[in-house]
Each structure stands twice: as C-alpha cells, then as structure tokens.
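This report concerns only the one structure given below.
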Amino acid sequence: MKHIYAFETPYEAVKYLEIIESFKVKLNEFKALLEKEYELNDSPRGFIWTPGDIATSVFSDVPIPAYTNRHLVYMTPDIMEWRNFFMNIYGNVESEFIKDFYRNFKEEDILTIAGHEMVHHIDLFPDEFDEERESIWFEEGMCDYIARKNLMTPESFETITKVESAVVAYFNEKFGSRSIDQFGTDSYSNDITSIMFDYCRSFLTIKYLVEEQANNNPLEVFKRYNEWCEAGRKESLSTYFNVENLFISLDKESII
C-alpha cells in the first residue's frame with residue numbers, strides 16, 4: 001500500500017511524518033493478518049493522509065474525516081482534529097466519562113479508525129463498494145470489531161466498549177426507537193450525532209454476536225450473515241440475528 005501526503009504545503013506534511021511512519025508499520029502487519037484470516041484479497045491501493053477539512057470538502061462531502069472507496073482510504077492523522085471532531089458531538093453530554101475519553105483521544109484510537117477502513121476491503125462482505133449496501137450496521141460494526149480487537153490492547157478494547165455503551169445509553173431515548181437496520185446508505189444525510197449513535201450500537205451488536213453467540217469467532221458470525229444473504233435476505237438482519245431489542249433497556253442511569 002502506498003501512503004500519500006495530501007497537504008497544501010510541504011511544511012504542513014512534515015508535522016505528520018512520525019505518526020504516519022508508525023502507522024505504516026502497524027497497518028502492514030494488520031494487512032497481513034486480514035489476508036491470512038479474513039480474505040483480504042484486494043487491499044486498498046493506498047492511504048491518502050490529509051487534513052480533515054480537505055477530506056470532507058475536497059475529496060468528498062462525507063462528514064467524517066475517514067472513509068474508503070474501492071481503491072483508496074482518505075483520513076486525517078491529526079489527533080487534535082479527531083479530538084475536536086468528537087468533542088463537537090459529545091462536548092455537551094452530561095457525562096464526564098464520555099467527554100474525558102474523547103477529550104484525550106489517542107494515536108491508538110486513530111490507528112483503529114485506519115484499520116476499520118481497511119477491513120471494508122475484505123471479501124467476506126458480499127456487497128461491493130458501488131452497490132447499495134443493505135443492513136450496513138453489520139459491515140460497520142464488524143469493521144470496528146476486527147480493527148479494535150487486533151489493534152488495541154485488551155484494556156483499550158474494554159474501555160472503548162464501555163464508552164460506546166455509555167454513548168448508546170445516553171442517546172437511546174432520542175434515537176433508539178429507530179431500527180438498527182435503518183443505518184443504511186442514506187445515513188450521512190442524517191444528524192452526525194445520530195450517525196455516531198448507529199456506529200456505536202453496530203459495534204456493540206457485533207461484539208455481542210461474536211462473544212456471546214459465536215464463542216469469540218467472528219468467522220462464525222460471517223457464516224451466518226452470508227447464509228442470510230444467500231437465502232434471499234427474506235427478513236431483516238436484526239430479526240435474523242434476534243438483536244432487535246438488544247439495547248431497549250439501556251438508559252442514562254447505566255452511564256458510568
């Protein structure tokens with residue numbers, strides 16, 4: 001994979017040499033794991049490292065400064081940009097636990113976002129990049145789960161699980177009546193807080209399926225998912241996996 005710097009001046013790019021060089025090594029190791037265990041047969045051709053405003057206004061109009069297409073991943077390596085991005089979403093929540101995590105967002109957390117974008121390229125997902133994807137929660141949640149499980153320490157994985165559980169609990173009353181199956185191709189026209197709520201509950205749903213239903217084996221969950229696809233997707237995916245009401249009892253009182 002190539003790593004391309006897309007900054008307006010060379011002086012700006014120099015600031016990110018160290019972190020990108022560090023990411024290159026770890027992402028190449030992660031690429032080898034995906035090739036071995038998760039059918040990564042056509043990896044992204046490269047990463048375009050660029051400021052958040054260029055990622056979201058020049059290369060695309062996606063409001064999150066990390067995304068992938070068939071060939072390339074675009075994202076910002078700037079830790080302050082990521083902290084500001086999340087604090088713009090969660091800065092006013094009545095939970096110091098949530099705010100403290102995003103206020104202190106780490107390089108490890110950025111790395112897992114890059115890993116998430118790589119997982120989109122594995123061949124275990126039957127839908128192609130140029131097709132309308134159905135039940136996007138499965139793919140987004142699995143991308144988060146595989147990246148975090150393999151790129152984070154066990155302690156960090158436990159922490160992000162608690163943080164995103166707190167986010168879902170906090171916003172459950174506002175957004176939780178909407179089926180997780182509605183997290184689809186039109187999601188980016190919705191409120192950014194609503195989008196992130198869906199990302200969080202997608203990850204937590206996949207974690208539940210892998211760890212509680214599949215004996216910690218993501219491939220078993222993929223097997224069931226592909227059986228659903230091959231059978232004609234006759235019912236909603238959340239119904240098929242029996243996770244429609246997984247978070248129905250969560251409320252703000254459960255927030256750490």
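Sequence-distant or interchain residues sharing an amide H contact under 5 Å with Asp78, placed H: which?
Amide H neighbours of Asp78, under 5 Å, 5+ apart: none.
Tell me the relative contact order for region 1-93 as a rounded percent, counting alpha carbon contacts under 8 Å between residues six or more apart.
On the way: 96 pairs, mean separation 26.9, N = 93.
Relative CO of region 1-93 lands at 29 percent.
Could you work out [θ]222 nm for the chain from helices alone, using -39500 (n - 2.57) per DSSP H run of at least four and dividing by all its residues? Round to the nearest 500 deg cm²/dmol.
Mean residue ellipticity at 222 nm (helix-derived): -17000 deg cm²/dmol.
Treating only the Cβ atoms of Lys and Arg (+1) and Asp and Glu (-1) as charged, compute the dipole magnitude of the chain about its Cα centre; round to the nearest 20 debye. Please list the in-between numbers first.
Details: 25 positive and 47 negative charges, 77 e Å.
It works out to roughly 360 debye.
In sequence order, what are the phi-derived ³J(HN,Hα) couplings for region 106-120 according to the Karplus relation 6.51 cos²θ - 1.76 cosθ + 1.60 with θ = phi - 60°, rounded to whole Hz, with x for glycine and proline?
Once θ is set to phi - 60°, the couplings for region 106-120 become 10, 4, 4, 5, 5, 4, 5, 5, 4, x, 3, 5, 5, 4, 4 Hz.
Any idea which of Ala214, Ser238, Tyr225 is furthest toward the positive side of the dipole for the chain, if Lys and Arg beta-carbons carry +1 and Asp and Glu beta-carbons -1?
The listed residue farthest towards the positive side: Ala214.
For a quick check: with amide H placed at 1.01 Å from N, whose amide H comes under 5 Å from His3's, ignoring anything fewer than 5 positions away on the same chain?
Sorted by chain and number, the residues that satisfy this are Phe47.
Considering the dipole of the chain built from charges on the beta carbon (Lys and Arg +1, Asp and Glu -1) around the Cα centre, which of Tyr102, His116, Tyr145 is farthest to its positive end?
Tyr102
In the chain, if the dipole is taken from +1 on Lys/Arg beta carbons and -1 on Asp/Glu beta carbons about the Cα centre, which of Tyr67, Met1, Pro154 is farthest to the positive end?
Of the listed residues, the answer is Pro154.
Tabulate in residue order the Karplus-calculated ³J(HN,Hα) for region 78-92, using 6.51 cos²θ - 1.76 cosθ + 1.60 with θ = phi - 60°, rounded to whole Hz; enter x for Gly and Pro.
Each residue of region 78-92 in turn: 7, 5, 5, 5, 5, 4, 5, 4, 6, 5, 5, 8, 10, x, 9 Hz.
Which ³J(HN,Hα) values in Hz, rounded to whole numbers, follow from the phi angles of region 6-17 under the Karplus curve 6.51 cos²θ - 1.76 cosθ + 1.60, where θ = phi - 60° and Gly and Pro get x?
10, 10, 6, 9, x, 5, 5, 5, 4, 4, 10, 4
So for the chain: antiparallel DSSP bridges make up what percent, rounded to the nearest 5?
Taking every DSSP beta bridge within the chain, about 25 percent pair in antiparallel fashion.
Run down the lysines and flag those whose C-alpha is under 17 Å from the C-alpha of Lys15, throwing out any fewer than 8 positions away in its chain.
The reachable lysines, counting only those whose Cα sits under 17 Å from Lys15, are Lys24, Lys106.
Rule-based calculations on the coordinates, nothing more; no lab input. All of these numbers come straight from a predicted model, not from anything done at the bench. Cβ sites come from the backbone with ideal geometry, for glycine too, and all protein chains shown count toward neighbours.
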